[in-house]
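The structure appears below as structure tokens.
The values are calculated or read from the model by the stated rules, or taken from the named source; none is laboratory data. Here the structure is a predicted model, which is why all the values come from computation and not from measurement. So basically every Cβ, Gly included, is an ideal-geometry build from the backbone, and we count neighbours across all protein chains shown.
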Amino acid sequence: MKTVEVSLPRQKYSVQIKAGAIADMGPLLTACAAAQRCAVFADGVVAELYQEPIVKSLEESGYEVTTHSRSLGEADKTLAAVQEFYDILLDGRFERKSPIVALGGGVTGDTIGFVASTYLRGVPLVQVPTTLLSMVDASVGGKVAVNVPQGKNLIGSFYQPKLVVVDPNVLSSLPKAELRSGLAECIKHAVIRDAELFAWTEKHADELLALDSGRLVELLERNISIKAKVVVEDEREQGVRAHLNFGHTFAHAIEKTAGYGRVLHGEAVGLGMLAAARLSIVLGLCGQEVYDAIHRLLSRVGLPTQYELADAATLLDAMRLDKKVSEGDIRFVLPLSIGEVCIRGGVAEKDIHEAWSAVRA
Ligand code: GLY
């Protein structure tokens, strides 16, 4: 078992990484949230595949387990879905100490995390991410939220889990495109913090895509450590946590203008990192070699480097609606080198258009 500790000022928790870890859920949960009862809330597809060993282990450790699963795609990340889970908890008279296990990808973690953060003003939350993207990013750091008609993730909070259990074996059922999408967030971590990890990812790309167990555990440990370190430095995104948004200002505009679900999040992030690298070159902050390295690694893992984008004005409007925009100014995370980024605002529209041209098919 590899362990990454997330040591925040007011709360510490661990991310446990091990092939087969979900079958150890009972002892893992007992160590941090002992209680008579717990709930396992899951995405429907994932529940069919992985709920049984989790429930078995929890019951063997003495928990009385309530389960509920439902479709949890991006369109289900709603207050209506949250109410459905509240009803299970309220009707079952769940108490403050009873933990909730969130089993699924990023949407599940965000939605169930929001439920856990608000039910009785907060009950213990355990994240069991089942996509690479949620393992290395969404399940760690405490961002929980749901969508409303006005936009994505607009209702939410920071609510740290008590425990995160990462089992790379579950990635065997993940579609390859989703695996690649998760690798985009790993490449992001490498670009913002770790040039050696960037080179390592490039060197071992084939083994990672083939789900080599040892390489995957190393990938997970290194990426989760970067995510944890950034979160510990800046839990509430007052400063450096914004570096995790590298590529995302462009990516959100691609997702919004293409129509949600048309492009995977990681695919959009990959394209967004290239656009950001081009912008950085235009502003004189980095050299062409940074763009070329990102392009090479994205291609190596099979992520797109070009896309049929909307027109420039539509993209700019979409960027301006992003919730990270501050007083009308779009703030960009831009690479200085592989391993280091900065934040810049006040960028001219013509430079943003030039950045988009780097990924326009
Ligand atoms: N996914 C970015 C963050 O957790 O801040």
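Assuming residue 299 fulfils every condition listed in (1) assigned to a loop (DSSP other than H, G, I, E, B); (2) surrounded by fewer than 17 Cβ atoms within 10 Å (Cβ to Cβ); (3) not aromatic (Phe, Trp, Tyr) apart from one, which condition is it?
All conditions are met except number (1).
The rows are residues; the columns are (1) touching a strand residue (DSSP E or B) at 6+ places or on another chain (Cβ under 6 Å); (2) part of a loop (DSSP other than H, G, I, E, B).
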{"site": "290", "(1), (2)": "yes, no"}
{"site": "304", "(1), (2)": "no, yes"}
{"site": "309", "(1), (2)": "yes, yes"}
{"site": "319", "(1), (2)": "no, no"}
{"site": "334", "(1), (2)": "yes, no"}
{"site": "341", "(1), (2)": "yes, no"}
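Filter region 51-89 down to the residues that are surrounded by fewer than 19 Cβ atoms within 10 Å (Cβ to Cβ) and touching a Pro at 6+ places or on another chain (Cβ under 8 Å) and list them by number.
Hit for region 51-89 is 61, nothing else.
If residue 102 meets every condition in (1) modelled with pLDDT under 95; (2) within 16 Å of the ligand (Cβ to nearest atom) apart from one, which number is that one?
The one condition residue 102 does not meet is (1).
Which residue out of 219, 208 is modelled with pLDDT of 95 or more, of a type outside the set (S, T, N, Q) and touching a Cys at 6+ places or on another chain (Cβ under 8 Å)?
Numbers: 208 fails: touching a Cys at 6+ places or on another chain (Cβ under 8 Å).
After ruling out the rest, the residue left standing is 219.
Go through region 36-52 and give me each residue that's small (Gly, Ala, Ser) and either more than 13 Å from residue 72 (Cβ to Cβ) or not in a helix (DSSP H, G or I) (or both).
Selection gives 39, 42.
Only one residue in 240, 230, 170 is buried (at least 17 other Cβ atoms within 10 Å of the Cβ) and either closer than 29 Å to residue 337 by Cα or within 16 Å of the ligand (Cβ to nearest atom) (or both). Which one?
None of the others qualify; the one that does is 230.
Return the total of residues in region 175-222 being outside any helix (DSSP H, G or I) and of a type in the set (D, E, K, R).
The qualifying residues number 2.
In the list 272, 247, which residue meets the criterion of being touching a residue at least 24 places away in the same chain (Cβ under 8 Å), within 30 Å of residue 11 (Cβ to Cβ) and either among the hydroxyl-bearing types (Ser, Thr, Tyr) or buried (at least 20 other Cβ atoms within 10 Å of the Cβ) (or both)?
Testing whether each residue is touching a residue at least 24 places away in the same chain (Cβ under 8 Å), within 30 Å of residue 11 (Cβ to Cβ) and either among the hydroxyl-bearing types (Ser, Thr, Tyr) or buried (at least 20 other Cβ atoms within 10 Å of the Cβ) (or both) leaves just 247.
Do we find that residue 217 is under 22 Å from residue 2 (Cβ atoms) and more than 16 Å from the ligand (Cβ to nearest atom) in this structure?
Yes.
Sort out which residues of region 36-51 are touching a residue at least 60 places away in the same chain (Cβ under 8 Å) and within 15 Å of residue 172 (Cα to Cα), and write them in order of number. Break it down into steps so the answer makes sense when it comes.
Residues of region 36-51 touching a residue at least 60 places away in the same chain (Cβ under 8 Å): 36-43, 46, 49-50.
Correct list: 46, 49, 50.
At pLDDT 95 or above, of a type outside the set (Val, Ile, Thr), touching a strand residue (DSSP E or B) at 6+ places or on another chain (Cβ under 9 Å) and surrounded by 24 or more Cβ atoms within 10 Å (Cβ to Cβ): does that describe residue 145?
Numbers: at pLDDT 95 or above: yes; of a type outside the set (Val, Ile, Thr): yes; touching a strand residue (DSSP E or B) at 6+ places or on another chain (Cβ under 9 Å): yes; surrounded by 24 or more Cβ atoms within 10 Å (Cβ to Cβ): no.
So residue 145 does not fit the description; no.
From the list 119, 159, pick out the single residue that is modelled with pLDDT of 95 or more, hydroxyl-bearing (Ser, Thr, Tyr) and in contact with a strand residue (DSSP E or B) (Cβ under 6 Å, 6 or more places away or on another chain).
None of the other options fit; the residue is 159.
List the residue pairs whose Cβ atoms are under 7 Å apart, where the first residue sits in region 250-264 and is polar (S, T, N, Q), the second is part of a helix (DSSP H, G or I) and surrounded by fewer than 23 Cβ atoms within 10 Å (Cβ to Cβ), and the two are 6 or more positions apart or on different chains.
257/314; 257/315; 257/318
When region 53-89 is examined, which residues are found to be assigned to a strand (DSSP E or B), more than 17 Å from residue 118 (Cβ to Cβ) and under 25 Å from the mean Cα position of the chain (by Cα)?
67, 69, 70, listed by residue number.
Restricting to region 306-339, and then to whatever is under 25 Å from the mean Cα position of the chain (by Cα) and small (Gly, Ala, Ser), can you tell me which residue is surrounded by the fewest Cβ atoms within 10 Å (Cβ to Cβ)?
Out of the qualifying residues, it is 326.
Checking residue 115 against (1) away from the ligand (no atom under 14 Å from the Cβ); (2) within 23 Å of residue 234 (Cα to Cα); (3) among the hydrophobic types (A, V, I, L, M, F, W, C), which single condition isn't satisfied?
(2)
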